[in-house]
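The values are calculated or read from the model by the stated rules, or taken from the named source; none is laboratory data. Predicted, not measured: the structure shown is a model, and the values here were computed from it. Note that each Cβ is placed from the backbone with ideal geometry, even for glycine, and that neighbours are counted across all protein chains shown.
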Amino acid sequence: MTAMTIKIVLRFLLTACAFAASVSVAAQTTDAFVQGEGKETVQATCTRCHSATLVTQNSGSEDVWRIRVRLMQASHGMPAIDEATESTIVAISLHTTGKKRRQDARR
Amino acid sequence: MSQYDDEKARPSHIDSLYAADPIAADRRLWGRETSALSRRGFLKKSGLVAMSAAIGAAIPFSRFMPAGLIPAAFAAEGSSAQIEGKEGLIVLNDRPLNAETPAHLLDDSITPSKYMFVRNNGVPPTTIDVDNWTLEIAGESCVNPLSFSIAELKQRFEEVTLQLQLECGGNGRSEFVPAASGNQWTTGAIGCPTFTGVRLRDVLNYCGVGADAEYVGYYGADTHLSGDADRDPISRGVPIAKALERESLIAWQMNGEDLPLQNGYPLRLVCAGWPASVSGKWLNKLVVRNQTHDGEKMAAPSYSVPKQPVAPGSRVPNEDMKIIESMPVKSLITFPKSGVTHDLRERLIVRGHAWAGDDQVSGVYLSIDFGATWLPTGVNSPANRLAWQDFSGWLQFPQPGYYEIWARAMDTQGRSQPLVIPGWNPRGYLNNTAHRIAVQVV
């Protein structure tokens with residue numbers, strides 16, 4: 001093995017380790033939000049910055065979630081996403097949180 | 001564990017144990033083992049007994065319970081054990097960290113630092129060199145921009161200690177319907193500890209405040225959640241008149257000790273009576289502006305409400321919103337704890353605090369009949385302007401049964417707390433509904 005190859009292998013291993021470490025943290029907070037389909041999208045967009053609980057404590061209609069996702073892009077540093085990704089995130093948020101009922105608001 | 005956590009012994013760090021290895025956490029905490037085939041249920045009865053004891057109830061469908069599942073009875077309580085220097089706080093969000101204090105833990109006249117709520121917008125600084133910490137004073141309306149170390153602030157200006165109430169603008173957001181976006185605070189984003197520091201106006205006047213000064217904005221050492229170094233997580237402030245009030249402080253101590261890390265160590269701004277977001281943490285720069293400060297989260301919809309009342313669920317354009325200034329009158333019952341059982345033959349002592357933004361509280365009233373009749377309580381004077389005021393009274397109940405105690409404060413201008421949720425607004429600010437607690441009289 002040449003020195004070059006060793007360097008590449010090492011770099012790969014280091015990256016893999018760093019990746020594994022960051023994913024395990026993200027995975028833990030994302031699980032409260034979504035498992036299975038859409039999980040990677042959510043990890044790359046929402047829970048990259050904030051924990052899943054910011055989503056799961058909230059509720060609202062499809063329109064409300066769409067506004068929230070757009071506000072995240074406009075004001076809070078979320079990378080711009082395409083329409084399909086937006087629909088995925090909105091659908092998952094809606095599915096996970098449901099609509100708030102008046103009795104849910106009781107202290 | 002405080003004396004109030006009587007329901008169940010909650011193992012600390014339960015969430016981190018489960019996060020590391022759920023199956024190992026099952027084994028370590030409860031001695032639980034599951035069938036390798038179904039990965040459900042309990043192989044040994046001892047594991048089930050241990051978990052049931054911790055929850056304080058039997059688990060009828062234990063045979064279906066998946067391996068590695070944190071009982072919801074624990075998960076719902078958040079992970080308070082993990083915030084350094086804090087105790088009993090309910091974590092709403094761990095990134096950014098947002099944690100509120102249950103009402104019964106706010107019973108002290110002066111809020112202990114461990115019970116002071118946490119509302120972070122970004123990531124707190126990790127390495128803090130207090131000896132080399134500098135506060136820069138700048139901005140287009142600052143005559144002589146200067147920098148101070150904390151030692152220089154202590155040396156050059158009069159030291160002041162005041163008791164000051166800080167309440168998150170979104171405290172009570174959870175009660176708005178339709179739901180308002182953001183952390184779903186219930187009643188615990190409020191506290192009134194003492195702060196020690198120097199008057200903001202002494203420092204600003206030393207540097208010289210230009211005649212055209214309009215606003216003072218802050219910057220802190222916390223970083224944006226996205227990791228983008230060019231973005232501030234939050235940079236708000238107050239109009240110059242509020243900044244120059246004698247109670248506006250640059251503080252380095254809470255309750256006679258260094259500020260807790262999550263509350264802004266080593267230096268913060270305290271401008272009480274306004275949304276706590278105007279009181280910047282990890283403070284390292286102040287700017288005297290000739291216009292309304294335009295830092296992060298100054299613009300609508302952040303910390304803004306509709307200029308005119310709107311119907312619940314309305315879309316409100318940003319230009320129809322205004323920045324929140326003084327907070328409305330409010331009170332909190334801190335004793336007894338909601339849900340208490342009380343002996344019919346005894347009087348029930350009721351205590352709490354009331355506050356009114358920039359104003360003062362003129363009275364606090366209690367009702368045990370869902371607001372039909374009200375009894376006045378004794379209300380103390382504030383320790384100083386912008387400190388909350390303690391109230392106390394006693395109640396006697398006519399017969400056994402379920403009661404709610406409602407508390408309603410009034411400010412010196414005759415404004416009082418509404419008994420229903422006040423003006424709906426898109427971000428769910430300024431909910432000052434009367435506080436209610438439950439009592440079983442036997």
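Structure summary
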quantity	calculated
Single match in B:93, B:98 (criterion: within 14 Å of chain A (Cβ to nearest Cβ), closer than 30 Å to residue B:350 by Cβ, in contact (Cβ under 8 Å) with a residue 40 or more places away in the chain and in a strand (DSSP E or B))	B:98
The range B:152-201, residues that are more than 12 Å from chain A (Cβ to nearest Cβ) and charged (D, E, K, R)	B:152, B:154, B:156, B:158, B:159, B:167, B:199, B:201
Filter result for the condition that a residue is modelled with pLDDT of 95 or more and surrounded by fewer than 21 Cβ atoms within 10 Å (Cβ to Cβ), over B:369, B:343	B:343
Residue satisfying condition, being more than 26 Å from residue B:198 (Cα to Cα), touching a strand residue (DSSP E or B) at 6+ places or on another chain (Cβ under 6 Å) and at pLDDT below 95, within set B:78, B:182	B:78
Neighbours by Cβ (under 6 Å, 6+ apart or cross-chain): first from the range B:381-410, in the same structural domain as residue B:104 (by TED's automatic domain parsing); second modelled with pLDDT of 95 or more and crowded, with 23+ Cβ neighbours inside 10 Å	none
Selected residue (criterion: surrounded by the most Cβ atoms within 10 Å (Cβ to Cβ)) from residues of the range B:326-340 that are touching an Asp or Glu at 6+ places or on another chain (Cβ under 7 Å) and assigned to a loop (DSSP other than H, G, I, E, B)	B:327
Selection within the range B:313-325 - in a loop (DSSP other than H, G, I, E, B) and either hydrophobic (A, V, I, L, M, F, W, C) or surrounded by 13 or more Cβ atoms within 10 Å (Cβ to Cβ) (or both)	B:313, B:314, B:316, B:324, B:325
Residues that are modelled with pLDDT of 90 or more and outside any helix (DSSP H, G or I), drawn from the range A:79-107	A:80, A:81, A:82
The one condition in (1) touching a residue at least 60 places away in the same chain (Cβ under 8 Å); (2) crowded, with 18+ Cβ neighbours inside 10 Å that residue B:350 fails to fulfil	(1)
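For every residue, the table says whether it meets (1) under 21 Å from residue B:272 (Cβ atoms); (2) not hydroxyl-bearing (Ser, Thr, Tyr).
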residue: B:372; (1), (2): no, yes
residue: B:380; (1), (2): yes, yes
residue: B:384; (1), (2): yes, yes
residue: B:389; (1), (2): yes, yes
residue: B:396; (1), (2): no, yes
residue: B:400; (1), (2): no, yes
residue: B:403; (1), (2): no, no
residue: B:410; (1), (2): yes, yes
residue: B:429; (1), (2): yes, no
